[in-house]
Every structure is written in structure tokens, then in C-alpha cells.
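The values are calculated or read from the model by the stated rules, or taken from the named source; none is laboratory data. Treat the numbers as computed from the prediction; the structure is a model and nothing was measured. All Cβ positions, even for glycine, are placed from backbone atoms using ideal geometry, and neighbour counts span all protein chains on display. We work out accessible area using only protein heavy atoms, side chains counted, and drop any ligands, DNA or RNA first. Shrake-Rupley method; radii C 1.70, N 1.55, O 1.52, S 1.80 Å.
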Amino acid sequence: MYALFEEAGKFQAGRVLSEAESSAQVELDSGKRVKVKAQNVLLKFERPQPAELVAAAQSLAQGIELDLAWEFAPEDEFGFAELAREYFSDQASLEQQAAALFRLQEAPHYFRRAGRGRFRKAPAEIVQQALAAIEKKKQVQQQIAAWAAELGAGSCPPPVREQLFRILFRPDKNAPEYKAVVEASRATQTAPLALLQKAGAIDSAYQFHWKRFLFEQFPRGTGFPPLAPPAIAEELPLAPVQAFSVDDSSTTEIDDALSVQGLGTGTVTVGIHIAAPGLALQPGTPLDAVARQRLSTVYMPGHKITMLPDEVVQAYTLEQGRECPAVSLYVRLDEATLAVHDSQTRLERVPVTTNLRHDQLDEHISQAWLEDAQVAHAVPEPAAHLREPLSFLWRLAQHLKGLRELVRGKPETFTRPDYSFRLLGEREGEPTGDEQVEITVRRRGAPLDLIVSEAMILANSSWGQWLAELGVPAIYRSQASLLPGVKVRMGTKALPHAGLGVKSYAWSTSPLRRYTDLVNQWQIIAAARHGRTAALAAPFKPKDAELFSVISAFDAAYGAYNAHQAAMERFWTLQYLRQQGIRELVGTVFREGLVRADELPLVLPVLGTETLPRGTRVRVKLGAIDDIALDVAGTVAERLDMAPAAVSTEDDTGEDEEPVAGPIAIALDVDAGGEPDNAADNPAP
């Protein structure tokens, strides 16, 4: 005796070894013995052999026309044997009964299961909908195959091109465009990114990186809604100072300026003046919503995406020749010893007389010119007339740096230069990627650079400590220690910043281009207006969940923006290598297998450096440049001398972590198993 039975949704047949009231012991053709519940046994027979029955039934099943079977089927619930008798004949054979069973089971759009071997006709409208879905799926599969064939032949279908970034970085794995790329990649045994490049989906490497960034961070575009800069309601007093700023020529968001009063009197007052959009722009307004959505200005060579609309920036930037609203920190110092007497914060209008530019003055304003009045060399105006205040600020900057280094326990290491990128030629809008690039060095710690950086550290640490003393919450940056791997963190507690050597550090000096600074400026304004009761009047109260939300969002956005800036700087560095015909360069081993170029902002993997000690200088022969992966590799052409052991090429303040670009990580996985056949018919809600 043999039996055909259902187990876990599958039909199997075998020889019945023994049978009880509720179950049977069945031996399959493989020799495996299984215990089958009596209710799962659908047919019992003596002939033919189980395998022959299944094979014959499967062959017959494919010939059963589902439309005709649906017409013949009873309106009420029925069994497969009943349908076999209706469809084939009153004397339907065993094979025909099994064929009816198999066909009914595999056609849920025509027949719904009502139990073991029992079925019910689906309503006519459901059948029509199911058939339409099947036909649509068939057409989609044909479209996928056609697109895959085009990709394999080196041509990119327009729908795939339009969905390029979604396919690569945020795919819908049920989308036909995605499946076409996967199918073509498997068929041609080509990596997806390389396949799309060969098919012409990527016209420009620069546009690829730029549009990918926009897709991920600015999916609605970079434009602003029409928002006018709000006016400052209160009348601000005019400060009795002549302030000046120091920035690069490309800077339009001039956040900070400096002033010096009282030279020669024994007591000098240094003013640190910060642009004050926070006096007019209020939390919860449409303009605040724009700033909070962007969180920071995005910088890259030759272009930027500002946090605030240009009209708003121009209303509050510290442009020369204007009396600008500002939040000012005044620090009174002993002129001889530089000891701090006291400090005061004021809300006022500040006359800005000059916007000095780093790139125009760094080569002229030297340490010797600042320290020795007898040194005479040409310094462009109006900087030459600022020699006395600049000299005092230079002396103060060195003093403040020395005090911080005492707290740090060791000197700051800024041996690695900053690089400036300039794209040559006139253009409108963002770069195309074809421009000539000029890379120049701006030495970190140069006099003007140190003057500004120490003044900003003084302001950020002073205001951070002041807010903490008043109990006004703020957004702080802290670093627990200088031990390797200890990162800078953001939080709402005034904790020490070991890298900078200060008790607390609250970013407050760039409110036109960083949202955290704007938030802190609102808190500082409340403190300046209300003093000890500021905690009650400040926009953000202690333990305010909104502050933690800002920190979380800012961390994510700022990290993504910095990564894009680093990627685009690397892109232009690779273009510089190509444009200048550089085939070899000299660099220093700073990590196993990695070399930092001595005269370019470039880190690259170099074959042959794996066993060389850190600090070894090598001449590197460059390999092929990959503009999409932003990669270039090299091999050691010659080992040179050792770099001085005491010199570090790293910045240990924790405020300058340099990402190293590498192969692009895409979300398209050609090795993953295919989607279930019905995945497209039953998409997840």
C-alpha cells in the first residue's frame, strides 16, 4: 500500500509500513521513514510506484487549464477528487486526481485552500486582479531582462540613470531598476559601480560625488524659501572701538572681529566681537527651522552651501564700513604681565573698519615684524596701520597658548600645514570638475592664524564657563584626556577639553555658519540681559530635550559635511596630480601601509611600507587614479631618511580628525539571494 500525503506545504509519496488510527509510518523513496498524521494522507493506492504517480501527475497538472477548471469547479467548498471528476471524467484516474491536487495547490489566485485537499473558488473579481498582477509581473521581468541586456552591452537605460544614486546608496531591492543592475552585474561578472561606469551612467566623476551628496543630505535641493532677515527690535549702543576681522578672501560669513583699547596705559581691553543673528532670529521661527534643518554651512573647494540665506548672512556679517550688531566679550588685561583682571559681555553695535585677509597678508605679517618695531618691510594697507594692536594680540596669543599647554602637560603639535584650494577661471554656480586647481599652503600657527584661533578659544571657553556658573545650559565640546582613542564629545555639561587645555569649551563664535553656535548665542544673550536669573529667561532650560536633539542632529550632519569636504578636497588633489603631471612624490609613513605626502593634502596606501617604521620618508611612484573611488595607490621607489623622532604629524587637540578616503561603500549586493517570487505581488506595507 502507498500513500500520497502533505507535509509542511509539500506533497510527498511513499510506502506505508504500518498504520494506526491517527497516524501512519511511511517510507519515502530515499529510504527515510516519516510519521504522517492520518489527516494529512490524501490518497492511498497500490499502483503505480509513488515516484511514477508523482511524475505522471505533475505532467498532467501542467495541461489543466485554470480558467476551465475554475468554470467547472463547484460554487461551494470541494475536494480535489471532485474537481478531477468534473474536469476529466466521472472515472478520473489516480494520476488525474493527483494532477488536480497539484494544480489546485499552485493556483491560489484561482482557488483558495479550505483545508487539507479542500478548496473554494476565488471570486471572479479577485481572479481578474490576480491575473492582471501576474501579467504585470511578467512584463516587469521582461523589462528587467531588457535593461540588464542593455547594461551588459554598455548602454545605460534612462530609468536606471535617473535612479542611479538610489540604486547604489539607498535601494529598493524590489525595484526593477535595482534588479536589472544586479542581473547585469551577475551576468557580466562585473562589479556594479564598474558596470554602471562602462554603461555611461556616470558622466562626470565630480558630478557623481556632488549629486550623491545632494541625494543623501539635500534631497529637496539647496535653495531657500523666500525669507527676509528679521530686524533687531532693540536699540543697541555703539561700541567705542575700531574692530577688524581676519578671514580668507572667499569668506562671506564673517562671524568674528577683534579690537584693542588702552595700549600704553598699563591696562588693555581686548574685544572679541561676534556677529549677532541671535538678536533678531528667534527659536521656532521659519528662519530658525531652515537653520536647524541644515545645521551648518557646507564647505568644499570652489563652492559652499550656506546654513542661512545670503540675504540673512549679509544683514549680520561683520562687513567693513558698517556698524554691525554683535555680542562682544571684553577682557581687561595687565599690559605688562597679560594677567586677566576681568571680563564683560555686551550687546552692541560694533564699527568694523577693516576685513583683513589671510591669503593676502600671511607672507607679509611675520613674527619678526610683530615683535620688533625696528623691523621694516612692506606690509599692505590697512594692515600696516594695525601693527600695534596686532603686535599686542600676537603677544597675548602666545601667552594664552602657553597657559593652555601648561594645562595640557605638553605642547600642541601643529606641524602639518593647512592647504587652501582655489579653482581658476570665471564661472557661475558650482564647479564642473574640469577647472584648473591651485593648491597653496597656509602654515598652521602663522601669526594671524594664531591670533584669531587663540581669541576664539578664549571667547568659547570664557562664555562656556560663564554660562555654567549662571546655571544656563549650553552645548559644549569636551575631551576627557589626551590618551589615544579618546574622542571629542558634545554634550550639555561644562566638562574639560583636554586637547585644548581649557576648563570648558562651548562653540559660540560662528553663529552664521554653525547652528550649535547660534543656540549658544541665544543663551549668552539671555545671560547678558538677565544675569543671575538668565536660566529662567533663556530659550533652552536645564535638561531641555531640545538641546540633546540638536546635538544628535548636528553630530550627524557635521560629520557628513566634513566627510564630503574631505572627499572633494581629495578629488581636487587627484586632479592636481593629473594636471601637473606628477608621477612621483615624497611622503612620510605615518601608519602601517599608509603614507602622507609631504607637500600635498594626500594620504595614500603604498606597497612596500608595511614593515617600515613610522616617520620613514619615502619616494613613492604613483599608480592609476580612480576619480570615482577617490583612490590612488603607490609603490616605494626609494627609501629616504627618517623624519625626526620627536616630530608628530598629527594634531592631538581632537578638533582636527582627518578622514582618509577609500573605496566607496554601496548598498547594492549582487551576492544576496534573489527576492521571493511573490515579493513584488505582496510588498511589505
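For region 203-215, a tally of residues being crowded, with 19+ Cβ neighbours inside 10 Å and more than 13 Å from the chain's Cα centre (by Cα) returns 3. Only residues that are of a type in the set (A, V, I, L, M) and free of Cβ contacts under 8 Å to residues at least 12 places away in the same chain were counted across region 512-557, and they come to 4.
Determine if region 486-497 includes at least one residue that is open to solvent by less than 30 Å² (accessible area, probe 1.4 Å), outside any loop (DSSP other than H, G, I, E, B) and of a type in the set (Val, Ile, Thr). No - not one qualifying residue is present in region 486-497. Selection of region 573-607 for residues being β-branched (Val, Ile, Thr), open to solvent by 10 Å² or more (accessible area, probe 1.4 Å) and either part of a strand (DSSP E or B) or under 17 Å from ASP641 (Cα atoms) (or both) yields VAL586, THR588. Of PRO659, PRO613, all but one fail to be in contact with a helix residue (DSSP H, G or I) (Cβ under 6 Å, 6 or more places away or on another chain), at pLDDT below 90 and open to solvent by 40 Å² or more (accessible area, probe 1.4 Å); the exception is PRO659. For residues in region 62-85 being surrounded by 11 or more Cβ atoms within 10 Å (Cβ to Cβ) and not in a helix (DSSP H, G or I), which is farthest from the chain's Cα centre (by Cα)? Filtering first and then ranking leaves PRO74.
Looking across region 345-369, the residues that are at pLDDT 85 or above and closer than 30 Å to TRP466 by Cβ come down to THR345, ARG346, LEU347, GLU348, ARG349, VAL350, PRO351, VAL352, THR353, THR354, ASN355, LEU356. When restricted to residues that are surrounded by 13 or more Cβ atoms within 10 Å (Cβ to Cβ) and not in a loop (DSSP other than H, G, I, E, B), region 366-384 contains 6.
The rows are residues; the columns are (1) out of contact with any Gly (no Cβ under 7 Å at 6 or more places or on another chain); (2) among the acidic types (Asp, Glu); (3) farther than 24 Å from ILE64 by Cβ; (4) modelled with pLDDT of 90 or more.
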| residue | (1), (2), (3), (4) |
| --- | --- |
| ALA98 | yes, no, no, yes |
| HIS109 | yes, no, no, no |
| ARG118 | no, no, no, yes |
| LYS121 | yes, no, no, yes |
| ILE126 | yes, no, no, no |
| ALA130 | yes, no, no, no |
| GLU135 | yes, yes, no, no |
| PRO159 | yes, no, yes, yes |
| LEU168 | yes, no, yes, no |
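For ASP90, the stated conditions do not hold, so it cannot be described as assigned to a loop (DSSP other than H, G, I, E, B), surrounded by fewer than 14 Cβ atoms within 10 Å (Cβ to Cβ) and touching a residue at least 24 places away in the same chain (Cβ under 8 Å).
When restricted to residues that are in a loop (DSSP other than H, G, I, E, B), open to solvent by 20 Å² or more (accessible area, probe 1.4 Å) and more than 15 Å from PHE215 (Cβ to Cβ), region 146-174 contains 5. Of the residues making up region 469-485, those that are under 23 Å from PRO542 (Cβ atoms) and assigned to a loop (DSSP other than H, G, I, E, B) are GLY471, VAL472, PRO473, ALA474, ILE475, ALA480. Of the candidates ALA455, ALA397, ALA376, the single residue that is among the aliphatic types (A, V, I, L, M) and at pLDDT below 85 is ALA376. Screening region 4-46 for strands (runs of 3 or more DSSP E) wholly inside it with 2 or more residues that are farther than 24 Å from GLU106 by Cβ and open to solvent by 70 Å² or more (accessible area, probe 1.4 Å) returns the ranges 10-19, 33-37.
State yes or no: is ALA24 within 30 Å of GLN129 (Cα to Cα) and modelled with pLDDT of 90 or more? No; evaluated as a whole, the condition is false for this residue. Which ones in region 348-365 are basic (Lys, Arg) and either outside any strand (DSSP E or B) or under 12 Å from VAL246 (Cα atoms) (or both)? The one that is basic (Lys, Arg) and either outside any strand (DSSP E or B) or under 12 Å from VAL246 (Cα atoms) (or both): ARG357.
Among the residues of region 592-606, those that are over 25 Å from the mean Cα position of the chain (by Cα) and either at pLDDT below 90 or of a type outside the set (A, V, I, L, M) (or both) comprise GLU592, GLY593, ASP598, GLU599.
Given the criteria closer than 30 Å to THR317 by Cβ, of a type in the set (Val, Ile, Thr) and modelled with pLDDT under 90, does THR190 qualify? So THR190 does not fit the description; no. Looking only at region 26-46, which residues are in contact with a helix residue (DSSP H, G or I) (Cβ under 8 Å, 6 or more places away or on another chain) and either small (Gly, Ala, Ser) or closer than 14 Å to LEU94 by Cβ (or both)? Scanning region 26-46 gives LEU42, LEU43, PHE45.
Residues of region 515-548 that are open to solvent by 20 Å² or more (accessible area, probe 1.4 Å) and under 27 Å from ASP310 (Cβ atoms): PRO539 alone. For region 93-113, the set of residues classified as open to solvent by 10 Å² or more (accessible area, probe 1.4 Å), touching a strand residue (DSSP E or B) at 6+ places or on another chain (Cβ under 6 Å) and assigned to a helix (DSSP H, G or I) consists of LEU94 only. VAL441 meets each of the listed conditions (1) open to solvent by 70 Å² or more (accessible area, probe 1.4 Å); (2) outside any strand (DSSP E or B) apart from (2).
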